[in-house]
Amino acid sequence: MPADTDRSRRTAPRPRTTAPPAGRPLGARLRDNPVTRFRRRVQRAWDRPLTAYYVIAGASVLLIVLGLIMVYSSSMVYAINKGLGSSYFFSKQLVAALAGGVLLVIAARMPVKLHRALAYPIIVGSVALMALVQVPGIGQEINGNTNWISLGGPFQIQPSEFGKLALVLWGADLLARKQERRLLAQWKHLLVPLVPAAFILLGLIMLGGDMGTAVILTAILFGLLWIAGAPTRLFASVLAVAAAIGALLIWTSPNRMARLSCLGATDAGPADICLQPLHGSYALASGGFFGSGLGAGVEKWGQLPEAHTDFIFAITGEELGLAGTLSVLALFAALGYAGIRVAGRTED
């Protein structure tokens, strides 16, 4: 045998005797691990058309049930001190919840055309009721705000609540009709008559002194303009004007300025002006992570005014702790996000 052939055999690389590892590539195995599969299943479930509706219904029911429980827990001491039954305010809230449930079912079964047809009577009726509130002897004042009409007995209505619904329905119908005619590209059609009508509602609310409801109505107006595609410059201008008006209303009202000065207060101040926000902070701080237990809060025994209305969230924090308050916020977040998903899939 020639020498060069023998040398080539000795120096030639030996063939591999080990096979590559069996199985799929690493990337495929990572994509199919249990966590990834679970995330895909959740995503598929969330993308189903009815899932968002189930989330809305579930979050609403849980909020109503939790609200009823906390109304009873936070109001029973106050009701007993007033010579009423311990379940007095709970019963009122339960009646309102049941009536709201009936109206919800009726509204859900109504065709869209009927909603749009009712928008105009609702906004006209709301303006009439809100004007009626300012008539002496008809409107009732509660804690410095005149925004209520008594229906006899323990039942009252707040017409500004109908004003919120009216602005949503009427504003949406108005903007949809203008969109169909390609008119929203012109700023005058975008703002008129939506903004003047909203200002009429806001003016009637502010006559009663309820700035909190006015802020909510302003947020509804901005939401309508934003979804309708208002230009950023126009949107910012309207927002700046509203902020300036709000600042003026706060600055010219001693009551609102006093409330503003209580932000972050560490003592009750002169004449106990900051007593309510201070004890609201105490209630939230004393709850810890899991709270003192349902019904075991102490602030509702007289230290915290309006425990069953404006400061019910503070009692929730005291009795159910951080876990309870975060649960409430999570339910509202789920409600809002699911509502946006439904709206995003709606063409009308």
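For region 233-348, rounded, prolate or oblate, judged on the Cα gyration tensor with a ≥ b ≥ c (square roots of eigenvalues), a/c < 1.5 rounded, else prolate if a/b > b/c?
oblate
What is the sum of charges around Ser73, taking Lys and Arg as +1, Asp and Glu as -1, for the other residues whose C-beta is under 12 Å from the C-beta of Ser73?
Working: positive: Lys300; negative: Glu299, Glu318, Glu319.
Counting the neighbours of Ser73, the net charge comes to -2.
With label points built 7 Å along Cα→Cβ from the Cα atoms of Phe199 and Leu184, find their separation and express it in nm.
2.2 nm
May I ask for the Kirkwood hydrodynamic radius of region 250-316, worked out over all distinct Cα pairs and given in angstroms to one decimal?
Values: mean 1/r = 0.0789 Å⁻¹.
Computed over region 250-316, the radius equals 12.7 Å.
Apply the Karplus curve 6.51 cos²θ - 1.76 cosθ + 1.60, θ = phi - 60°, to the phi angles in region 243-252 and return the couplings in whole Hz, x for Gly and Pro.
Going residue by residue, I get 5, 5, 5, x, 4, 5, 5, 6, 5, 8 Hz, with x marking Gly and Pro.
Between Phe235 and Glu161, what's the calculated FRET efficiency when r is the beta-carbon distance and R0 is 35 Å? Round to 0.05. Intermediate results must be reported in sequence, preceding the final value.
Details: r = 26 Å, r/R0 = 0.75.
E between Phe235 and Glu161, to the nearest 0.05, is 0.85.
Roughly speaking, what is the stretch gain from Arg256 to Ser327, that is 0.36 nm per residue apart minus the C-alpha to C-alpha distance, in nm to one decimal?
Working: separation 71, 0.36 × 71 = 25.56 nm, distance 3.04 nm.
Contour length minus the Cα-Cα distance gives 22.5 nm.
What Rg and what Dmax come out for region 96-155 when only alpha-carbon atoms are used, in angstroms?
When restricted to the Cα atoms of region 96-155, Rg and Dmax are 15.0, 40 Å.
Roughly what angle does helix 194-207 make with the longest principal axis of the chain, taking Cα atoms, 0 to 90 degrees, to the nearest 10?
Long axis of 194-207 versus the principal axis of the chain: about 50 degrees.
Rounded to two decimals, what ratio of Rg to Rh does region 78-210 give with C-alpha atoms and a Kirkwood Rh?
Details: Rg = 18.3 Å, Rh = 17.1 Å.
Taking Rg over the Kirkwood Rh, I get 1.07.
Percent of Cα-Cα pairs per 5 Å bin, from 0 to the last occupied bin, for region 66-110, please list those.
Distribution as computed: 5, 24, 22, 17, 12, 9, 7, 4, 1 percent.
Using the heavy atoms of the protein chains and a 1.4 angstrom probe, tell me the accessible area per residue for the chain in square angstrom. Before the final figure, lay out the partial values.
Numbers: 22090 Å² over 348 residues.
Normalised by residue count, the accessible surface of the chain is 63 Å².
Just flag the GluC sites (Glu not before Pro) in region 78-187 sitting in loop per DSSP whose Cβ has no more than 16 other Cβ atoms within 10 Å. Don't jump to the answer; show the numbers that get you there.
Details: sites: Glu141, Glu161, Glu180; in loops: none.
Counting only loop positions with at most 16 other Cβ atoms within 10 Å, none of the GluC sites (Glu not before Pro) in region 78-187 qualifies.
What residue among Gly153, Gly209, Gly269 shows peak mean-square fluctuation when the chain is described by a Gaussian network model with Cα springs under 10 Å?
Gly153
Quick one: net charge around Glu318, please, counting Lys, Arg +1 and Asp, Glu -1 for every other residue with C-beta under 10 Å from its C-beta.
Working: positive: Lys300; negative: Glu299, Glu319.
With Lys, Arg at +1 and Asp, Glu at -1, the net is -1.
Hey, which lysines would be in cross-link range of Lys113, C-alpha to C-alpha under 23 Å, not counting anything within fewer than 8 residues on its own chain?
Lys164, Lys178
Just Pro231, Pro34, Pro305 to compare: in a GNM of the chain, with alpha carbon springs under 10 Å, which one fluctuates most?
Pro34
Spelling out what I want: for every residue of region 269-282, take phi, set θ = phi - 60°, compute 6.51 cos²θ - 1.76 cosθ + 1.60 (Karplus), and round to whole Hz; glycine and proline get x.
Each residue's phi maps through the Karplus curve to give x, x, 6, 6, 5, 9, 4, 5, x, 5, 6, x, 5, 4 Hz.
Based on DSSP H runs of at least 4 residues, each adding -39500 (n - 2.57), what is the mean residue ellipticity at 222 nm of the chain after dividing by all its residues, to the nearest 500 deg cm²/dmol?
Numbers: 14 runs with 234 residues, N = 348.
For the chain, the value works out to -22500 deg cm²/dmol.
With the full set of protein chains in place, find how many percent of the accessible area of region 165-278 is carbon and sulfur; take the probe as 1.4 Å.
Numbers: 4600 of 6600 Å².
Roughly 70 percent, rounded to a whole number.
Taking every Cα atom in region 180-261, find the radius of gyration and the maximum pairwise distance Dmax, and write them in Å.
14.4, 49
Would you tally the net charge around Leu183, using a Cβ to Cβ cut-off of less than 15 Å, leaving Leu183 out, and scoring K and R as +1, D and E as -1? Write down the numbers at each step before the final one.
Working: positive: Arg177, Lys178, Arg181, Arg182, Lys188; negative: Asp173, Glu180.
Net charge around Leu183: +3.
Write out the trypsin sites (Lys or Arg not before Pro) in region 153-215 meeting two conditions: DSSP loop, and at most 12 other Cβ atoms within 10 Å of their Cβ. Walk me through the intermediate numbers first.
Working: sites: Lys164, Arg177, Lys178, Arg181, Arg182, Lys188; in loops: Arg181, Arg182.
Hits after loop and neighbour filter: Arg181, Arg182.
How large is ³J(HN,Hα) for each residue in region 173-188, as worked out from phi by the Karplus curve 6.51 cos²θ - 1.76 cosθ + 1.60 (θ = phi - 60°), to whole Hz, x for Gly and Pro?
Ordered by residue, 3J(HN,Hα) equals 5, 4, 5, 5, 5, 6, 5, 4, 9, 6, 9, 6, 5, 9, 4, 5 Hz.
Once you have the Cα-Cα distance between Val124 and Ala343, take 0.36 nm times their residue separation minus that, and quote the gain in nm to one decimal.
76.2 nm
May I ask you to list the chymotrypsin sites (Phe, Trp or Tyr not before Pro) in region 111-170 that are in a DSSP loop and have at most 16 other Cβ atoms within 10 Å of their Cβ? Numbers along the way, then the final one.
Details: sites: Trp148, Phe155, Phe162, Trp170; in loops: Phe155.
Here the sparse-neighbourhood loop sites are Phe155.
Would region 124-167 count as rounded, prolate or oblate if I go by the C-alpha gyration tensor, calling it rounded below 1.5 in a/c and otherwise prolate when a/b exceeds b/c, oblate otherwise? Don't skip to the answer; put the middle values down first.
Details: a/c = 1.69, a/b = 1.52, b/c = 1.11.
Taking the square roots of the gyration eigenvalues as a ≥ b ≥ c, region 124-167 is prolate.
For Rg/Rh (Cα atoms, Kirkwood Rh), pick the label among (i) 1.07; (ii) 1.20; (iii) 1.01 that corresponds to the value derived from the coordinates.
For Rg/Rh (Cα atoms, Kirkwood Rh), the calculated option is (ii).
Which of the three applies to region 228-267, rounded, prolate or oblate, going by the alpha-carbon gyration tensor with a ≥ b ≥ c and a/c under 1.5 meaning rounded? Spell out each step's value before the answer.
Numbers: a/c = 5.14, a/b = 2.51, b/c = 2.05.
Because a/c hits 1.5 or more and a/b exceeds b/c, region 228-267 counts as prolate.
Just subtract the alpha-carbon distance of Glu141 and Val105 from 0.36 nm times their residue separation and send over the number in nm, one decimal. List each step's numbers first, then the result.
Numbers: separation 36, 0.36 × 36 = 12.96 nm, distance 3.26 nm.
Gain on stretching Glu141 to Val105: 9.7 nm.
From largest accessible area down, sort Trp187, Trp46; use a 1.4 Å probe on the protein chains. Each step should come with its number before you reach the end.
On the way: Trp187 170, Trp46 55 Å².
Final ranking, largest accessible area leading: Trp187, Trp46.
Could you check the spin-label model distance between Ala271 and Phe38? Points 7 Å from the Cα along Cα→Cβ, value in nm.
About 5.8 nm, to one decimal.
The values are calculated or read from the model by the stated rules, or taken from the named source; none is laboratory data. Everything numeric here is computed off the predicted structure, so don't read it as measured data. Cβ atoms come from the backbone with ideal geometry, glycine included; neighbour counts cover every protein chain shown. The area values use the complete protein model at the heavy-atom level, side chains included, leaving out ligands, DNA and RNA. Shrake-Rupley method; radii C 1.70, N 1.55, O 1.52, S 1.80 Å.
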